[in-house]
Amino acid sequence: MANKQEQEHLWWHEGVIYQVYPRSFQDSDGDGVGDLKGIISRLDYLKWLGITAIWVSPIYPSPMADFGYDIADYCGIHPMFGTMDDFDELLQQVHSRDMKLILDLVPNHTSNEHPWFQESKSSRDNPKRDWYIWKDPAEDGSEPNNWLSVFGGSGWEWDENTQQYYYHAFLKEQPDLNWRNPEVQEAMFDVMRFWLDKGVDGFRVDVMWHIIKDDKLRDNPPNPDYKEHMSTYEKVVPAYSTDQPEVHDIVAKMRKVTDDYEARVIIGEIYLPIHRLVTYYGHENTGVHLPFNFMLVNEEWNARILSLKIDEYEGAIPPGGWPNWVIGNHDQPRITSRVGYSQAKVAGMLLLTLRGTPTMYYGDEIGMRDVPIPPEEVQDPQGLNMPDKDLSRDPERTPMQWDNSENAGFTEGKPWLRLPDNFRRVNVEVQRDDEFSMLTYYRRLIKLRQEEPALHVGDYAPVVSKDSLLSFIRKHEDRQFLIILNLTHKPCLFRAEHHTYKGKIVLATDPEREGKQVEKNISISGDEGIVVLLD
Ligand code: GLC
Ligand code: MG
């Protein structure tokens, strides 16, 4: 087995990925919705921040039932976002700044307005009928099985015209493709080649673990742990509708498509427990390069639990597999709304000092928080369909806060989602030159990470200390960093048994701590994180 240090290092090993939700990053034409020209105008900012790669959520033609995750044409650009020329310009501008561009690929389902589905539903003997999952009703006329939609209600929709149901894991406007059909596979691989030929640097693949379903479409078992407050989708365990063994053949084929090109990355969106997640690296790493690891989004914010989970993850990654970390995205509450403002810097330090590629979510670098959206302004279908469950994703999708002008510099029109009242205080412009701001902190963390091989490609070793502290060592050749993070609000003493650590603080949540020498017993404030360069 090759030593992890001896692995060949690729750009996505060393770099930092930044997710742009295009509707909300920057509007250029005053329609209140972000667009490609807007993104182009902010590339210098992302370069200044130190970002390696930008992942842009879907920008394709779409009826926007699920804000672009319902695609009607995989090889086009939605006019709201711009034109194909704008896209080419974006790609060229990203590359000219020595950055990378990652697109969102949504292969599990299309829009119901996609021509493939229009054909498929036109008659039972249409050549594209089998491109989707059509099924006769059960004997009593009800749904073919008990599968549920992630967005509420049944996963089956009745088609009056052809007298069959079709399956949709998400909205009824998002019919699932039948990936057992080789024509579907080829069509989607062609889509990938279309963008790869243009020069995009990779894909983030939407709901990868959903792609293949049980061939007998057996009923899912009831969830014994279901509670009223949970999404209705969780009433059953998706044992037959997700994470099927055959998915790995598909993933390997997608990987093969990207492998025909140089240095392209393939990332899978996969919400599964660690031991299922790591199977997506594939046999001998023929799967995705990065199966998104959502541990920092899902696990309890507790040092002991996280430390254990990090070890579990490190231990489960197959030889040659590369770890990765995610702190937030357009489907999850922002980190400041989950762990609070006081822990936000600690979370950022964790994300950027762990071993593995970090993915940041736009706005986290300025400490943006979920914005409460009044019921009459809710737009997210997940929120609208299950109104009493508090599942709307609008709060984490609000416009980027650039400056203290009207609408925070996001748009000259009416923003599609409201801004928080405090945007005049929380924005890029006011934080840029403030040495104590979140933005300055993030920028310095990214810089340190990029400069120090120990932090981007070095080994990881846990350090056991107090229960409230998460601490570990990152090491490359003879350069070693000790990272200590207090996940509570109370001060405490870091004391490593059987070992004396000695060194200098090079970065801290409170910059006043930097430059100080520390040895053996290190006092740590509540909500504090420090990076120590060891002697
Ligand atoms: C993924 C996307 C989410 C979308 C869903 C259906 O989870 O991140 O935003 O609603 O897939 O495409
Ligand atoms: Mg616009």
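The values are calculated or read from the model by the stated rules, or taken from the named source; none is laboratory data. Quantities reported herein were computed from a predicted structural model and do not represent experimental measurements. Cβ coordinates were reconstructed from backbone atoms using ideal geometry, including for glycine residues, and neighbour counts include every protein chain displayed. What goes into the accessible areas is simple: the full protein's heavy atoms, side chains included, and nothing from ligands, DNA or RNA. Shrake-Rupley method; radii C 1.70, N 1.55, O 1.52, S 1.80 Å.
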(Q) Scan the stretch 133-149 and tell me whether some residue there is in contact with a helix residue (DSSP H, G or I) (Cβ under 9 Å, 6 or more places away or on another chain), away from ligand 2 (no atom under 16 Å from the Cβ) and over 30 Å from residue 390 (Cβ atoms). (A) yes
(Q) Condition first: closer than 19 Å to residue 395 by Cβ and open to solvent by 20 Å² or more (accessible area, probe 1.4 Å). Now tell me which residues in the stretch 427-440 satisfy that. (A) 438
Q.
Within the stretch 159-184, take every residue that is part of a loop (DSSP other than H, G, I, E, B) and of a type in the set (Phe, Trp, Tyr) and give me the one that is most open to solvent (accessible area, probe 1.4 Å).
A. 170
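On the basis of being within 15 Å of ligand 1 (Cβ to nearest atom) and out of contact with any helix residue (DSSP H, G or I) (no Cβ under 8 Å at 6 or more places or on another chain), does residue 391 make the cut? Full working, then the answer.
Numbers: within 15 Å of ligand 1 (Cβ to nearest atom): yes; out of contact with any helix residue (DSSP H, G or I) (no Cβ under 8 Å at 6 or more places or on another chain): no.
Considered against the rule, which asks whether it is within 15 Å of ligand 1 (Cβ to nearest atom) and out of contact with any helix residue (DSSP H, G or I) (no Cβ under 8 Å at 6 or more places or on another chain), residue 391 comes out as no.
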**Q.** Filter result for the condition that a residue is touching a Pro at 6+ places or on another chain (Cβ under 9 Å) and open to solvent by less than 50 Å² (accessible area, probe 1.4 Å), over 487, 470
**A.** 470
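Considering only the stretch 98-115, state which residues are open to solvent by less than 20 Å² (accessible area, probe 1.4 Å) and either of a type outside the set (D, E, K, R) or within 14 Å of residue 175 (Cβ to Cβ) (or both).
99, 101, 102, 103, 105, 106, 107, 108, 109, 110, 111, 114
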(Q) What are the pairs with Cβ atoms under 8 angstrom where one residue, in the stretch 184-202, is under 23 Å from residue 18 (Cα atoms) and the other, located anywhere, is among the polar types (S, T, N, Q)? Sequence gap at least six, or different chains. (A) 192/258; 196/258; 202/258
Q: Out of 156, 209, report the one residue that is crowded, with 19+ Cβ neighbours inside 10 Å, touching a Phe, Trp or Tyr at 6+ places or on another chain (Cβ under 9 Å) and without any contact (Cβ under 8 Å) to a residue 40 or more places away in the chain.
A: 156
(Q) For the stretch 14-35, give me each residue that is open to solvent by 10 Å² or more (accessible area, probe 1.4 Å) and more than 9 Å from ligand 2 (Cβ to nearest atom). (A) 14
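Taking the stretch 221-233 as the region of interest, how many residues are closer than 25 Å to residue 137 by Cβ and surrounded by fewer than 20 Cβ atoms within 10 Å (Cβ to Cβ)?
Adding up the residues that qualify gives 4.
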Q. Residues that are more than 29 Å from the chain's Cα centre (by Cα), farther than 25 Å from residue 301 by Cα and among the charged types (D, E, K, R): which strands (runs of 3 or more DSSP E) entirely in the stretch 426-531 hold 1 or more of them?
A. 479-486, 502-508, 517-519
(Q) Would you confirm, using the coordinates I've provided, whether residue 118 is closer than 16 Å to residue 173 by Cα, at pLDDT 95 or above and open to solvent by 50 Å² or more (accessible area, probe 1.4 Å)? (A) yes
Q) What's the number of the condition residue 219 fails, among (1) more than 20 Å from residue 167 (Cα to Cα); (2) touching a residue at least 40 places away in the same chain (Cβ under 8 Å); (3) away from ligand 1 (no atom under 16 Å from the Cβ)? A) (1)
**Q.** Pairs, first closer than 16 Å to residue 465 by Cβ in the stretch 502-530, second aromatic (Phe, Trp, Tyr), C-beta under 8 Å, six or more apart
**A.** 518/501; 519/501; 520/501; 521/494; 522/494; 522/501; 523/494; 524/494
(Q) Looking at 338, 334, can you tell me which residue is open to solvent by 20 Å² or more (accessible area, probe 1.4 Å), touching a residue at least 12 places away in the same chain (Cβ under 8 Å) and not aromatic (Phe, Trp, Tyr)? (A) 338
Q) Considering the stretch 57-71 alone, what residues qualify as being of a type in the set (A, V, I, L, M, F, W, C) and either surrounded by 23 or more Cβ atoms within 10 Å (Cβ to Cβ) or near ligand 1 (Cβ under 8 Å from one of its atoms) (or both)? A) 59, 67, 71
Q.
Which of the numbered conditions does residue 498 fail, given that it passes all the others? Conditions: (1) open to solvent by 50 Å² or more (accessible area, probe 1.4 Å); (2) more than 15 Å from residue 461 (Cβ to Cβ); (3) without any contact (Cβ under 8 Å) to a residue 24 or more places away in the chain.
A. (2)
(Q) It is to be established whether one or more residues within the stretch 36-53 are open to solvent by less than 10 Å² (accessible area, probe 1.4 Å), under 30 Å from residue 321 (Cβ atoms) and within 16 Å of ligand 2 (Cβ to nearest atom). (A) no
(Q) Of everything in the stretch 130-142, what is surrounded by fewer than 18 Cβ atoms within 10 Å (Cβ to Cβ) and either free of Cβ contacts under 8 Å to residues at least 24 places away in the same chain or within 16 Å of ligand 1 (Cβ to nearest atom) (or both)? Give them in sequence order. (A) 138, 139, 140, 141, 142
**Q.** So residue 309, is it surrounded by fewer than 20 Cβ atoms within 10 Å (Cβ to Cβ), at pLDDT 95 or above, among the basic types (Lys, Arg) and in a helix (DSSP H, G or I)
**A.** yes
